[in-house]
Amino acid sequence: MISVKEFAANQAVKQLVPIVSHMFDKDIGRLITVAHKLAPTEFTRSVLESADKMWREQSPNMEVIKRIVRQSNSHCLSQLVADFGVKHHWFGDKRREEMYSKEGIVVPFTYLISPTMRCNLRCVGCYAGEYSMKDDLEYEVIDRILTEGKELGVYLVVIVGGEPFIRQDMWDIYQKHSDIFFIVFTNGTLIDEEAANHLRELGNVAPMLSIEGYEEETDGRRGKGVFHKVLQAMDNLREEGVVFGFSSMITRKNVNTIISDEFNDMLIEKGCAMGWHFLYIPVGRNPDVSLMPTVEQRELLRNRGAFYIRTNKPLFVIDFWNDAPYVGGCIAGGRHFFHINSHGDAEPCIFVHFAADNVKQKSLREILTSPYFNAIKSRQPYSDNLLRPCMIIDHPHVLRDIYAEILPYTTCPESESLVTTLCGSLDSYASEAAQVLDASWENDPAPRALASNWFWRHSYPHKYRE
């Protein structure tokens, strides 16, 4: 049951969005200013304050907003504003803060669900490649989880896999929970014209299409012909006015392509509004440390990767490792996100295939306050250097300590290698990373300045709000 305020806000959005899409730039800027003054929480105000500043400075990030407003179907735009803007940020922020102040529960910004691990491709180095393909998370369980999430104030949910579009009943889930905005990571090969049309009719689903570079890199990892299928899927989505983006797994083989102007200009031309850079982590199918980006390449990504792209092009790109200073380091373990796999196991991160609880036996509230997730949150951040945020590749001893303390069960074959056979390689990599990235942290004031901002402190309510 939604409140009168939420109902009124949703109705206002439906009336305003068609007008906003035809507004002059200055009028959109005025709306941001008004929203900032009316924001219900300090967090929402800080986000809108940043947006207002970027608008006044005509940042490329604001060009992204203009592109979304002008290129999106009005229904898709309405759903984006209503679900992500109003529900998740406006009312959700307030609810999540109440959950901490009243019950001491740190509610994450989002959570990930893998409805299935089945996939029509067999990509090299797939993080999910060793999960059981027999388990699909039951419709009723997904439905219940989403309802529980909304009660906690989460109206932004990420769908991963496997290939999510294999499951046809997920269309019913998206429709039933039309007040949630879903980000769906997909290989893109199943998004034909019919699927794109369906996504336009729903409006609350934003696909993120996997692409590893051009044809050579993408087909080399995903199979012959996949690159052109992904580009066709982008064309289908753009023509329907669906908001969408891309996702790239970065290995030491494709770094230069992923950060090149030519590649990102192509993505912009295709209609991508945002994108994600994920470093290859040696988990899943045939873990291979030789595919991990070198420490020097991580430094290159820090200087010429996501931050450089989004500050110079109308494409909002996120890098979970190099952007860690914005959110205070690692966000796993329920601090800002966690993963529910197709068997129902609650994992702290999509790359940490260990669990201590299952959503089929426990509620989201119970999982968020579990000893396992608390053990992770209590150690975050793992060091003062937020350029080394990860407990897998930057602080592998932390993962081993938590494993020894909690004794979680493995959720797929080969996952124990992170705390057994790969220990030497990961320790060596972490040591090399420390030598380079500690110097960067000391010599570059920009990432250190982020560590003192309000959002960073907001990221650790259990430590800084007493």
Residue match in the range 274-296 (condition: touching a Lys or Arg at 6+ places or on another chain (Cβ under 9 Å), in a helix (DSSP H, G or I), open to solvent by 40 Å² or more (accessible area, probe 1.4 Å) and among the polar types (S, T, N, Q)): yes
Matching residues, the range 308-365, being open to solvent by 10 Å² or more (accessible area, probe 1.4 Å) and of a type in the set (Gly, Ala, Ser): 356, 363
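Quick check, is residue 116 under 17 Å from the mean Cα position of the chain (by Cα) and not charged (D, E, K, R)? Let's see the steps before the verdict.
Numbers: under 17 Å from the mean Cα position of the chain (by Cα): no; not charged (D, E, K, R): yes.
No; evaluated as a whole, the condition is false for this residue.
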Residue count for the range 175-194, restricted to those that are within 27 Å of residue 226 (Cβ to Cβ) and surrounded by fewer than 20 Cβ atoms within 10 Å (Cβ to Cβ): 4
Complete set of residues in the range 201-231 that are under 16 Å from residue 170 (Cβ atoms) and within 23 Å of the chain's Cα centre (by Cα): 202, 203, 204, 205, 206, 207, 208
Close pairs (7 angstrom Cβ cut-off, 6 or more residues apart or separate chains): free of Cβ contacts under 8 Å to residues at least 24 places away in the same chain and crowded, with 17+ Cβ neighbours inside 10 Å in the range 58-74, assigned to a loop (DSSP other than H, G, I, E, B) and of a type in the set (Asp, Glu) anywhere: none
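Quick check, is residue 114 buried (at least 18 other Cβ atoms within 10 Å of the Cβ) and among the polar types (S, T, N, Q)? Working first, answer last.
Details: buried (at least 18 other Cβ atoms within 10 Å of the Cβ): yes; among the polar types (S, T, N, Q): yes.
Spelling it out, residue 114 is indeed buried (at least 18 other Cβ atoms within 10 Å of the Cβ) and among the polar types (S, T, N, Q).
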Pairs where the first residue, in the range 399-426, is at pLDDT 95 or above and the second is assigned to a helix (DSSP H, G or I) and open to solvent by 60 Å² or more (accessible area, probe 1.4 Å), C-beta under 7 Å, 6+ apart: 406/371; 410/416; 419/400
Among (1) surrounded by fewer than 20 Cβ atoms within 10 Å (Cβ to Cβ); (2) in contact (Cβ under 8 Å) with a residue 24 or more places away in the chain; (3) closer than 25 Å to residue 201 by Cα - the single one residue 168 does not satisfy: (2)
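The values are calculated or read from the model by the stated rules, or taken from the named source; none is laboratory data. All figures in this text were calculated on a predicted structure; none of them were measured in a lab. Positions of Cβ are generated from backbone atoms using ideal geometry, with glycine treated the same way; all protein chains shown enter the neighbour counts. Ligands, DNA and RNA are excluded from the accessible area calculation, which covers all protein heavy atoms including side chains. Shrake-Rupley method; radii C 1.70, N 1.55, O 1.52, S 1.80 Å.
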